[in-house]
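Chemist: Here it is, the structure in full.
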Amino acid sequence: MGDMVKVYRSRARAGLVDADINQLLQVSRRNNPLVRIDGMLLFGRGCFVQLIEGPGPAVERTYRRILSDPRHADAVLLYDGAGEPRRFTGWAMGFARMEPYAHLASVDHFLRLAETDVVSAFRAEVALGLLLDFRRECACSDAAAATC
């Protein structure tokens, strides 16, 4: 199995606090390089959007772990691709809170959907565009621990 890319969105469980997100990032940034996984996690208005990429078996295991993680609810797989070039090479787990970037059209669109509880209308091509917008915004950050 070659490199795989998965993009999903989920809702944060009620009561999620910054310490929960910080712990998630710390563990991901420690473990992902060990299994050659790269990615980007976005958080805004109580919703996550994440891209994970790497060797197929490692991405599958990681995604299954995310689905069982109590910090996530209502996870929806938006994109599932194989044999594609990596988009976040060297990013152990980039992270950004979306609200400060509401001036970007893709972020504004997502935040409006999340606010009206129709985030289910959020589709794969829009999610990929959103994630790539953040990659450009965070390009000057330390890729391994990019936090915008």
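The values are calculated or read from the model by the stated rules, or taken from the named source; none is laboratory data. Quick caveat, the model's predicted, so the values are computed rather than measured. Glycine also receives a Cβ, built like all others from the backbone with ideal geometry; neighbour counts cover every protein chain displayed. Accessible surface areas use protein heavy atoms only, side chains included; no ligands, DNA or RNA. Shrake-Rupley method; radii C 1.70, N 1.55, O 1.52, S 1.80 Å.
Chemist: Mind pulling the angle between the C-alpha long axis of helix 56-68 and the longest principal axis of the chain? Nearest 10 degrees, somewhere in 0 to 90.
Modeler: Value to nearest ten degrees: 40.
Chemist: For the stretch 17-63, just say rounded, prolate or oblate: build the C-alpha gyration tensor, square-root its eigenvalues into a ≥ b ≥ c, call rounded for a/c under 1.5, and beyond that prolate if a/b exceeds b/c, oblate if not.
Modeler: Verdict is oblate for the stretch 17-63.
Chemist: Calculate the FRET efficiency for Val76 and Leu34 from the Cβ-Cβ distance with a Förster distance of 22 Å, rounded to the nearest 0.05.
Modeler: Efficiency, rounded to the nearest 0.05: 0.20.
Chemist: Rounding to the nearest 10 and keeping the result within 0 to 90°, find how far the Cα-based axis of helix 105-115 lies from the longest principal axis of the chain.
Modeler: Tilt relative to the chain: about 70 degrees.
Chemist: What is the percent carbon and sulfur in the accessible area of the stretch 1-143, measuring with a 1.4 Å probe over the protein chains and ignoring ligands?
Modeler: 53 percent
Chemist: Here's something else I'd like to know. Return one whole number: the accessible area per residue of the chain in Å², for a 1.4 Å probe.
Modeler: Ligands and nucleic acids excluded, the figure is 47 Å² per residue.
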